[in-house]
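Structure record follows, encoded as structure tokens.
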Amino acid sequence: MCDNGTMLVKTALTAPRFWISLVLGLSAGLTDYLGGYLLVRRSPSARALRYFVALGAGFMLAAAILEMLPEAFRLNNRWAAPLVLAGYVGVHLLEHSLVPHFHFGEETHHHEFLSAGRSYSVLLGLATHTFFDGIAIGSGFVLSSWLGWMLFVAVFLHKLPEGFTVASVMLASGQGRRAALNSSLFLGATTLLGVLAINLRPGWVMAGLPLSAGVTMYVAATDLVPEVNREPGIRMALVFFCGVLLFFVLRAFAPA
């Protein structure tokens, strides 16, 4: 099984997908910055970000379970399951040991972010997410254009709330607007770094895809879904299911 995965990776090295993945990684990263910009400028459109959280959660969960996991097991059947678990548990450990509580959206619990050090620990935690966002996009394009585009959509849908969140945490800790924007820009840079890492070392997809699948499942199910459940009424739940439906609609156009 590993030999088959290695063969797929070697074949992908000759495919003209390097620049497309970099451009999409840059686009995803700039969306992080846009999320921070919306918060700093107090744009009225920022209210719609909660719908991106719900839509992105549904799409990400579907993409992780129905695309990333099968591909990970096809590439590396022996180590895929432990690596998926490592990705999930690793982010959980990071968020509950190094990073204080935060949620996707505008931070209103200012008492939880009294020091700059705690706000930068949140930045580090989110940067871990964004690095594996890039790993996911890059891994997808190493294997196929279809998978790369699907994972880009999954990443893109939660980028605005991500940039919005980190900028909000910075402001809540007493940092200035420049620090808030720079933190969003940093998340974008780590996304691009993840894409670049896989493109320069395509063989890393054997571990990168299952690890990023575990991280994606954690972000979708543990970080984003609780934010969906915080909203009263059925509207946000319906948007979540629309995210799942969007995945199936796009999947219907997948090449055979």
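Would you be able to tell me the number of residues in the stretch 157-190 that are of a type outside the set (A, V, I, L, M, F, W, C) and over 22 Å from TYR51 (Cα atoms)? Here the count works out to 9.
Residues being surrounded by 24 or more Cβ atoms within 10 Å (Cβ to Cβ), over 17 Å from VAL244 (Cα atoms), in contact with a Pro (Cβ under 6 Å, 6 or more places away or on another chain) and in contact (Cβ under 8 Å) with a residue 60 or more places away in the chain are represented in the stretch 76-89 by at least one member. Among the residues of the stretch 75-122, the one identified as modelled with pLDDT of 75 or more and in contact with a His (Cβ under 8 Å, 6 or more places away or on another chain) is VAL91. Taking each residue of the stretch 185-208 that is in contact (Cβ under 8 Å) with a residue 60 or more places away in the chain and looking for partners that are surrounded by fewer than 24 Cβ atoms within 10 Å (Cβ to Cβ) and among the polar types (S, T, N, Q) with beta-carbon atoms closer than 7 Å, six or more apart or interchain, yields MET206/ASN76.
For GLY56, are the conditions met, namely being within 14 Å of LEU157 (Cα to Cα), modelled with pLDDT of 85 or more and surrounded by 21 or more Cβ atoms within 10 Å (Cβ to Cβ)? So GLY56 fits the description; yes.
The requirement of being hydroxyl-bearing (Ser, Thr, Tyr) and at pLDDT 90 or above is not satisfied by SER144.
Considering the stretch 202-256, the qualifying helices (runs of 4 or more DSSP H), each wholly inside and each with 2 or more residues that are crowded, with 21+ Cβ neighbours inside 10 Å, run over 205-218, 235-251.
Determine whether LEU126 is out of contact with any Lys or Arg (no Cβ under 7 Å at 6 or more places or on another chain) and farther than 19 Å from VAL84 by Cα.
Numbers: out of contact with any Lys or Arg (no Cβ under 7 Å at 6 or more places or on another chain): yes; farther than 19 Å from VAL84 by Cα: no.
Taking the combined requirement at face value, the residue does not satisfy it.
Every listed requirement among (1) of a type in the set (Phe, Trp, Tyr); (2) modelled with pLDDT of 90 or more; (3) over 16 Å from the mean Cα position of the chain (by Cα) is met by TYR33 save one, (3). Which of the residues that make up the stretch 159-187 are among the aliphatic types (A, V, I, L, M), buried (at least 21 other Cβ atoms within 10 Å of the Cβ) and within 19 Å of LEU24 (Cβ to Cβ)? Listed by number, the residues that qualify are LEU160, LEU187. Does ASN199 meet the test of being out of contact with any helix residue (DSSP H, G or I) (no Cβ under 8 Å at 6 or more places or on another chain) and either modelled with pLDDT under 95 or part of a helix (DSSP H, G or I) (or both)? It is false that ASN199 is out of contact with any helix residue (DSSP H, G or I) (no Cβ under 8 Å at 6 or more places or on another chain) and either modelled with pLDDT under 95 or part of a helix (DSSP H, G or I) (or both). Restricting attention to the stretch 135-147, the residues that are surrounded by fewer than 24 Cβ atoms within 10 Å (Cβ to Cβ), in a helix (DSSP H, G or I) and either among the small types (Gly, Ala, Ser) or in contact with a strand residue (DSSP E or B) (Cβ under 7 Å, 6 or more places away or on another chain) (or both) total 1.
The values are calculated or read from the model by the stated rules, or taken from the named source; none is laboratory data. Predicted model, so just to flag it, every value in this text is computed and none were measured. Note that we place each Cβ from the backbone using ideal geometry, even for glycine, and neighbour counts take in every protein chain shown.
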